[in-house]
Structure formats: structure tokens, C-alpha cells
Amino acid sequence: MRQEMEEILYTYRVDIVFSGHVHAYERMNRVYNYTLDSCGPVYISVGDGGNIEKVDADHADDPGKCPSPGDNIPEFGGVCHMNFSSGPAKGKFCWDRQPEWSAYRESSFGHGILEMVNSTHALWTWHRNQDIYRENSHGDQIYIVRQPHTCSVDSKDSRLSPSIPVALEHCNCTNIHPICYIIFLIG
């Protein structure tokens, strides 16, 4: 996903990317190209709605939890493995520590609520299923703030599709772009 989508998400100044599939919760700080970046998206993995295989409790960077490349054998034959070709884990099969942009992660089932406060502020709250909305019972909470004057989309950027700047102009009220988010549904 990073190799195919990250440049597009960054160029168009997407603020939040929701994804799933991993059966646990994790929120990343704003990141671009393995580096903390105040204009990069906040990535939130909310794949923790439930799973008959149980919650993913292990992280590859936990001691002894990195599988060997040979452990990942696809159903249809062959060996599926890779070493990271760039970033802090270059040349390794797994990270050896929690990356600095990984702000919060927990192996619990739960759900999240995204409240759009105004055109530049969104409040994200993730609740563990067992918390039952008691006061201050959330597992994770953060205000995600769009910085239109620092992280604006340059409509003259040659990488942009001609139709996108026109669409953005329709959303541009008083030169403040609204929070932009994308949801990836991965089965």
C-alpha cells in the first residue's frame, strides 16, 4: 500500500487514512516515507471489530515474534517474503522496535468514532469493547488538525490529476480545505 498509494495521499494532503484487516488497533502519527511529517496522513488501523481467529496479540517487533521468511508460505505455492528496501528497517524482514511514528497500538477489540468538529479539526476516539463508555474510558483519543496554511495542495503541481484541483476548489470555503479522509476496506 505504501509503495502504490503514499505519494498520492501525500500530494493531495489526505489527513486521515482508515484501514483494517489486521485484527488489532493502531494509530500512526503523521508520517510520509518512513519519516514523521506534519503534512502526512494519520493512519488508523481499525481492524478490531471481531474475528473468529481471535485478536492479533503479537507485533513483529516484539522479541522473538518476527517470523522467518520461510514461515510465510502462500496457499498457492512459492515463498512470499521480502526485506524492507528502504527506511529504518532496510535489509531486515521485520522491524526490531516499534517505529517512532506508531503513536498507539493495542491488541483489543473495539470501535472508533470520528467527530468532525469544524473544517480543520476532527476528534478521533477509539473505545475498547469492554469500556462501555464510562467517563474517560476511551483507549485512544486525538484531535487531528488540518493545517491549510502549512500543508496546502499546490494546484500547479504537475503530479496532480487535472480533475482533482477543480474538485478541491469546490470544497475550498474561505481558503480552508475541510478535513480529508479515505477509508480502505481490505478483506
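Select from region 1-36 the residues that are in a strand (DSSP E or B) and not β-branched (Val, Ile, Thr) and write down the one among them that is surrounded by the most Cβ atoms within 10 Å (Cβ to Cβ).
Tyr25
Since Leu185 meets every condition but one in (1) surrounded by 10 or more Cβ atoms within 10 Å (Cβ to Cβ); (2) modelled with pLDDT under 80; (3) under 19 Å from the mean Cα position of the chain (by Cα), which condition does it not meet?
Just one mismatch for Leu185, condition (1).
What pairs can you find where one residue is in region 130-144 and modelled with pLDDT of 80 or more and of a type in the set (Gly, Ala, Ser), the other is surrounded by 10 or more Cβ atoms within 10 Å (Cβ to Cβ) and assigned to a loop (DSSP other than H, G, I, E, B), and their Cβ atoms are less than 8 Å apart, with a gap of 6+ or different chains?
What qualifies is Gly139/Ser108.
The values are calculated or read from the model by the stated rules, or taken from the named source; none is laboratory data. Treat the numbers as computed from the prediction; the structure is a model and nothing was measured. Please note: Cβ atoms are built from the backbone with ideal geometry, for glycine as well, and neighbour counts cover all protein chains shown.
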